[in-house]
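The values are calculated or read from the model by the stated rules, or taken from the named source; none is laboratory data. Here the structure is a predicted model, which means the values were calculated and not measured. Backbone-built Cβ (ideal geometry, glycine too); neighbour counts: all protein chains shown. Heads up: the accessible areas ignore ligands, DNA and RNA and are worked out on the full protein's heavy atoms, side chains in. Shrake-Rupley method; radii C 1.70, N 1.55, O 1.52, S 1.80 Å.
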Amino acid sequence: MTHTVEKIGGTSIANTPVILDNVLIGDRKPKDMYNRIVVVSAYAGMTNMLLEHKKSGKPGVYALFASAENKWQWSEALTELSQAMREKNQEIFGDHPDRKVADNFVLERIEGVRNCLIDLHRLCSYGQFRLDEHLMTVREMLAALGEAHSAHNTSLLLRQKDINSVFVDLTGWRDEEKLTLDERIENSFRGIDFSKELPIVTGYASCLEGMVKLYDRGYTEVTFSRIGALTKAKEAIIHKEFHLSSADPKLVGDDKVRKIGQTNYDVADQLSNMGMEAVHPKAAKGLRQAGIPLRVKNTFDPADAGTIITDDFMPETPRAEIVTGIQSLYAFELFEQDMVGVKGYDAEALKALTRHKLWIVTKCSNANTITHYVSGPRKAINKAAADLEACFENAEVTLRKVAIVSVIGANLDVDGLTARAATAIHEGGIKLLGLHQLTRNTDLQTIVAEEDYDQTVKVLHKALVETGDAAGAKSDADIAAAA
């Protein structure tokens, strides 16, 4: 266990000078340049163009190809993507000869994908072949382009600096052999000497399981995690554009948030459930089971040790660590007067929500009401509601836009914490719609109106984190020492 495995996110890798100065090279001596594996995401915005925009839903190449509205619009989008990738190459390489190498790499991949999709369209014009049966494969193939582009470029840049980098392409491009994820990784790393070579690895890995199918757009961190486990890394490091902090600094202020410093994988799971991913939950599971600590570092603050996440950490003094949440979701409430004592309602509700691919954040119930707090398109939520009302003719499903603000910590067993949270919300002029707390003492979830989200984060952070004496928070010096 002599090496680290490191992952660079899309926003960070897009800032080439900072990544070179703060992460990849910096003031390292030549002997310190190696014994690292670097896994990279696609440049910021590229996966949106390849698939669909993560937030707005604007269709990318995949969404246009899958749509029957305009059967050739996807090809135009692919051309726009090619241009965007080559513009990125120009930004990175300028007039250096490597720019031509990078452009040729992009064109070979893009035109190969274009020809493949044209052939698939032609094949599916025959009745025996259905396009929808191949769409997941198409999505996998397109997703791979972004990481191949950024990893190839990064490897070229490092070679310019006389660093012995190795481009490790896990995308399976033109590879006829079908491999599992573990086989793909083990075969690709066979023969690489970590002490003398610096692998730059694609965050997408082609495998029988299907990375996008299983993990959607969280596949990069799963690849990173599995590489760490299989190569027996001593530590896993994620480079983000921010510190893992007690709240969003844009919301509560840079001067009020605290770097977490040290926490455990239980907290990381709660953060993932709130959409604030320190690491993808499947990736966290792999690292935890392999006994590998995870460090989250700020790309723009390289001297700081960041936050270390381990399986066994427990603070000596209970404290609230993070206040975060989800601003826009629905309270999906199933009411049936005759539900009490009758089985089957909860199971059918879960089936309906799962069928329409809705993300369940949390739930609660009483004698005749089951409420799931879900995230997803309103159209899909309406379909799930219709399914349940058809299944239970006397049932009524109501929907309401709400927000969840969660107080998270490795040990929230702070005297009066729940009372202080409720008081802070009340004194802040906010109507509390719900309050969820489990005996495990890792999170306290408050339900408020969607428009009250920002204010709720502020008042809870002030009451439970900024007043560190009562909340049990450590000083910055203590946190730094722990990290």
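About the Cα centre of the chain, what is the dipole size in debye to 20, counting +1 per Lys and Arg Cβ and -1 per Asp and Glu Cβ, all else neutral?
Dipole magnitude for the chain comes out near 580 debye.
For the range 242-371: lysine pairs with Cα atoms under 29 Å, gap of 8 or more or different chains, count?
Step by step, the pairs that qualify in the range 242-371 add up to 19.
Hey, could you get me the Stokes-Einstein D for the range 132-195, Kirkwood radius over alpha-carbon pairs, 37 °C and 0.692 mPa s, rounded to whole µm² s⁻¹? List each step's numbers first, then the result.
Working: Rh = 13.6 Å.
Value of D from the Cα-based Kirkwood radius: 241 µm²/s.
Can you tell me the accessible area per residue over the range 1-88, all protein chains present, probe 1.4 angstrom, in square angstrom? It would help to have the intermediate numbers written out before the result.
Working: 4190 Å² over 88 residues.
Ligands and nucleic acids excluded, the figure is 48 Å² per residue.
Tell me what the chain gives for mean residue ellipticity at 222 nm when only DSSP H runs of n ≥ 4 count, each as -39,500 (n - 2.57), the sum divided by the residue total, rounded to 500 deg cm²/dmol.
Per the formula, -12000 deg cm²/dmol.
So if the hydrodynamic radius of the range 53-106 is defined as the Kirkwood radius over C-alpha pairs, what does Stokes-Einstein give as its diffusion coefficient at 10 °C and 1.306 mPa s, in µm² per second?
126
Where does the chain land on the Kirkwood hydrodynamic radius, alpha-carbon pairs, in angstrom? Mind showing how you got there, number by number?
Numbers: mean 1/r = 0.0408 Å⁻¹.
So the Kirkwood estimate lands at 24.5 Å.
Tell me, what is the percent relative contact order of the range 319-431, built from C-alpha pairs under 8 Å that lie six or more residues apart?
Averaging sequence separation for qualifying contacts and normalising by length gives 42 percent for the range 319-431.
If you place +1 on the Cβ of every Lys and Arg, -1 on the Cβ of every Asp and Glu, and leave all else neutral, what size is the dipole of the range 1-146 about its Cα centre, to the nearest 20 Debye?
280
In debye to the nearest 20, how big a dipole does the range 193-347 give about its Cα centre with +1 on each Lys and Arg Cβ and -1 on each Asp and Glu Cβ?
That gives the range 193-347 a dipole magnitude of about 500 debye.
Full extension from Gln128 to Asn115: what is 0.36 nm times the residue separation minus their Cα-Cα distance, to one decimal in nm?
2.6 nm
Within the accessible area of the range 267-373, what % is carbon and sulfur when the probe is 1.4 Å and the other protein chains stay in place? Intermediate results must be reported in sequence, preceding the final value.
Numbers: 2330 of 4800 Å².
Ligands and nucleic acids excluded, carbon and sulfur reach 49 percent.
Could you tell me the distance between the Cα centroids of the range 194-244 and the range 321-383, to the nearest Å?
The range 194-244 and the range 321-383 have Cα centres spaced 33 Å from each other.
Local charge sum around Lys379 (other residues, Cβ-Cβ under 14 Å, Lys/Arg +1, Asp/Glu -1)?
Counting the neighbours of Lys379, the net charge comes to +3.
What does the extension gain come out to for Met314 and Cys391, with contour length at 0.36 nm per residue minus their alpha carbon separation?
Numbers: separation 77, 0.36 × 77 = 27.72 nm, distance 4.60 nm.
Residue separation times 0.36 nm, minus the Cα-Cα distance, leaves 23.1 nm.
Mean separation of Cα pairs under 8 Å and 6+ residues apart, divided by the residue count of the chain: what relative contact order is that in percent?
Once normalised by length, the contact order is 14 percent.
With a Förster radius of 56 Å, plug the Cβ-Cβ distance of Glu76 and His426 into 1/(1 + (r/R0)^6) and report the FRET value to the nearest 0.05.
My answer for the efficiency is 0.55.
Using 1/(1 + (r/R0)^6) with R0 = 22 angstrom and r between the beta carbons of Lys213 and Ser56, what's the FRET efficiency to the nearest 0.05?
0.40
Can you pull the percent of Cα pairs in the range 328-424 with separation above 17 Å?
Value for the range 328-424: 54 percent of Cα pairs lie more than 17 Å apart.
For Asp175 and Ile25, what is the calculated FRET efficiency with R₀ set at 35 Å and r taken between the beta-carbons, to the nearest 0.05? Could you put the intermediate results ahead of the total?
Details: r = 31 Å, r/R0 = 0.89.
Taking R0 as 35 Å, the efficiency between Asp175 and Ile25 is 0.65.
Given C-alpha coordinates of the range 1-159, what is the ratio Rg to Rh with the Kirkwood estimate of Rh?
Values: Rg = 18.0 Å, Rh = 17.2 Å.
Taking Rg over the Kirkwood Rh, I get 1.05.
Taking Lys458 as the anchor, which aspartates and glutamates have their alpha carbon closer than 15 Å to its alpha carbon, excluding any fewer than eight residues away along the same chain?
Partners found: Asp248, Asp254, Asp255, Glu321, Glu427, Glu450, Glu466.
Pull out the extension gain between Ala419 and Asn368, defined as 0.36 nm times the separation in residues minus the alpha carbon to alpha carbon distance; nm, one decimal. Mind showing how you got there, number by number?
Numbers: separation 51, 0.36 × 51 = 18.36 nm, distance 2.75 nm.
Here the answer is 15.6 nm.
Indicate the gyration tensor shape class of the range 1-53 (rounded, prolate or oblate), computed on the Cα atoms with a ≥ b ≥ c the square roots of the eigenvalues: a/c under 1.5 is rounded; otherwise a/b larger than b/c is prolate and the rest oblate.
Note, shape of the range 1-53 comes out oblate.
Write down the percent of antiparallel bridges among all DSSP beta bridges whose residues are both part of the chain, to the nearest 5. Walk me through the intermediate numbers first.
Details: 41 of 66 bridges.
Bridges in the chain that DSSP calls antiparallel: roughly 60 percent.
List the lysines whose alpha-carbon lies under 22 Å from that of Lys71, not counting same-chain residues fewer than 8 positions away?
Within the straight-line limit of under 22 Å, Lys71 reaches these lysines: Lys58.
Putting +1 on Lys and Arg Cβ atoms and -1 on Asp and Glu Cβ atoms, find which of Tyr345, Ser328, Thr362 reaches farthest to the positive end of the dipole of the range 321-398.
Ser328
Let's test this: bin the Cα-Cα distances of the range 86-237 at 5 Å from zero up to the farthest pair and state each bin's percent.
Taking all Cα pairs of the range 86-237, the binned fractions are 2, 8, 16, 19, 19, 15, 11, 6, 3, 1, 0, 0 percent.
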